[in-house]
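Colleague: I'd like to ask some things about the structure below.
The values are calculated or read from the model by the stated rules, or taken from the named source; none is laboratory data. The structure displayed is predicted, hence computed values, not measured ones. Every residue, glycine among them, receives a Cβ derived from its backbone with ideal geometry; neighbour counts consider all protein chains shown. With ligands, DNA and RNA removed, areas are computed over all heavy atoms of the protein, side chains included. Shrake-Rupley method; radii C 1.70, N 1.55, O 1.52, S 1.80 Å.
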Amino acid sequence: MGIVRILGFMLVVAGTVFLVSAYRATGSLSERAMETLTGRYTERTQRDLAIGGAGVVGGILLIAFGGRRRR
């Protein structure tokens, strides 16, 4: 297993951690109040959701296409 695939796995894990923590934050009282008043989550929660999603997608792409050798 190449270094690129290992990096991909690490990126998937880090992205998943961001997604889980942001998802748990969406259920908090302050987030629900902010969403009710403004119609969206706080900037931090939105940022964590975006970083987590990008990390998971990027990690999957690295795992799928990152370790190929050129001939």
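Colleague: Among the residues of segment 58-71, write down those that are under 12 Å from Gly8 (Cβ atoms) and either part of a loop (DSSP other than H, G, I, E, B) or among the aromatic types (Phe, Trp, Tyr) (or both).
Modeller: The answer is Phe65, Gly66, Gly67.
Colleague: Residue check, Leu7 against (1) without any contact (Cβ under 8 Å) to a residue 24 or more places away in the chain; (2) of a type outside the set (Ser, Thr, Tyr); (3) open to solvent by 80 Å² or more (accessible area, probe 1.4 Å), all met but one. Which one?
Modeller: So Leu7 meets the others, but not (1).
Colleague: Given the conditions (1) over 16 Å from Val12 (Cβ atoms); (2) buried (at least 16 other Cβ atoms within 10 Å of the Cβ), and given that Gly55 satisfies all but one, which numbered condition is not satisfied?
Modeller: Gly55 satisfies every listed condition except (1).
Colleague: Another one. Listed residues Ala25, Ala50, Ala33; which is open to solvent by less than 80 Å² (accessible area, probe 1.4 Å), assigned to a helix (DSSP H, G or I) and within 20 Å of Met10 (Cα to Cα)?
Modeller: Ala50
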